[in-house]
Amino acid sequence: MRSTWLAKLLTAACVAGAFVAAPAAAKNLKFAYALSTNSHYGAGADAFVKSLEADLPGKFSVEQFPNSALGGEREVLEGLQLGTIDLAIVSTGATVNFVPATGVFDIPFLFRDLEHARGVLDGDIGDKLLAEFSKRGLVGLAWGEQGFRQLTNNVRPVATPADAKGLKVRTMENPVHIAAFRELGILATPMAWPEVATALQQGTIDGQENPMSVIVSAKLPQLQKYLSLTSHVYSPAVVLASPSSFDGLSDAEKEAFRKAGAEAVKAMRAYVDNVEKSGLEEVQKAGMQVNKVDHAAFSKALEPVYPQYHKQFGKELVESIRNAQ
Ligand code: PAF
């Protein structure tokens, strides 16, 4: 008796289900990055979300975690590997410790200008290095951008390598950068980004280096007096996904994620183009003293480090990037 009643109920439910399919709940995705929502990373994340929603309406609900809310970039990369974070934008300063080959882009004075860097990242070399992420439990969706890194400090304007000597400067936890700073006689102090503001406030470091995109969006003029336009290294960023969120997607969904990554890159580059034009005036208004730099002298002072880079990444690769037109 009871089983007949249950059978009827189940049949009714199946019939109803055939006609009224409940809408599938959107899958929640966590998107982490180190900077504020009004930074180039925020612009990239917004463009990603917009593109994904346009291509796969209602399928995913992306929650953004700006300002290192889920940890420094190292923790974010670990979170992507573990599947506790689904999406992220990070710098190569962090990826070099997970995917060592990406460190080649961190070699000082490798790229002439933004156009040169973008051409390499969008070409075969960029594609090959993006594919390397999959060997380390990460999915590289697209190469993004921060811009050229500039030196800021609270002690003096830096126009020549001699001026830089002895300054205590926070660097990313990036051995390629650290080797160069040490060669210049800078007291390179590797530190995760979330600790930098406090270290600057407390004076445990004199300075730091980052592109205009970061100097402006992280309001560094409130913490630093001198900005020296060293442009010592181009800083790519990368849009990453966790294999645990990405691998199970259909081909069409994977394509939509890659397209969203490409949209994020467009937004980041547009932000960088804009801040490279307007940023100097903005930081000067905020009280920073800006000075030009003898780039040739810096590049010459770094010549002794090049054999080390050639050994690490292969002279042929380094030279093919440098000479790319
Ligand atoms: O300096 C760094 O660590 C990075 O450039 C930052 C600010 C975290 C953005 O990726």
Among the residues of the stretch 293-303, is any small (G, A, S), modelled with pLDDT of 95 or more and out of contact with any helix residue (DSSP H, G or I) (no Cβ under 7 Å at 6 or more places or on another chain)?
yes
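Every residue, every condition in (1) without any contact (Cβ under 8 Å) to a residue 24 or more places away in the chain; (2) under 21 Å from K292 (Cβ atoms); (3) in contact with a Pro (Cβ under 8 Å, 6 or more places away or on another chain), yes or no:
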| site | (1), (2), (3) |
| --- | --- |
| L110 | no, yes, no |
| D113 | yes, yes, no |
| F148 | no, yes, yes |
| A159 | no, yes, no |
| K168 | no, no, no |
| P175 | no, no, no |
| T189 | yes, no, no |
| T198 | yes, no, no |
For the structure I just gave you, tell me whether A324 is outside any helix (DSSP H, G or I), closer than 30 Å to N97 by Cα and touching a residue at least 40 places away in the same chain (Cβ under 8 Å).
yes
In the set A45, A32, the lone residue that is at pLDDT 95 or above, outside any strand (DSSP E or B) and surrounded by 21 or more Cβ atoms within 10 Å (Cβ to Cβ) is A45
Among residues belonging to the stretch 166-184 that are among the small types (G, A, S) and either over 17 Å from A297 (Cβ atoms) or in a loop (DSSP other than H, G, I, E, B) (or both), point out the one that is nearest to the ligand (Cβ to nearest atom).
A179
Looking at N38 and the list (1) more than 16 Å from the ligand (Cβ to nearest atom); (2) surrounded by fewer than 18 Cβ atoms within 10 Å (Cβ to Cβ), which single condition is not satisfied?
(1)
Would you point out the residue of the stretch 294-308, among those that are under 17 Å from L227 (Cα atoms) and in contact with a Pro (Cβ under 9 Å, 6 or more places away or on another chain), that is surrounded by the most Cβ atoms within 10 Å (Cβ to Cβ)?
F298
Report yes if some residue within the stretch 219-227 is away from the ligand (no atom under 16 Å from the Cβ) and under 27 Å from D294 (Cβ atoms); otherwise report no.
yes
Suppose we filter the stretch 228-272 for residues that are assigned to a strand (DSSP E or B), within 16 Å of the ligand (Cβ to nearest atom) and within 16 Å of the chain's Cα centre (by Cα); how many remain?
8
Which number in (1) assigned to a helix (DSSP H, G or I); (2) crowded, with 22+ Cβ neighbours inside 10 Å marks the one condition that L280 misses?
(2)
Can you find a residue that is within 12 Å of the ligand (Cβ to nearest atom) and surrounded by 21 or more Cβ atoms within 10 Å (Cβ to Cβ) anywhere in the stretch 185-193?
yes
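The values are calculated or read from the model by the stated rules, or taken from the named source; none is laboratory data. On a predicted model such as this, the values are computed, not experimentally measured, just so you know. As a convention, Cβ positions derive from the backbone with ideal geometry for all residues, glycine included, and neighbour counts pool all protein chains shown.
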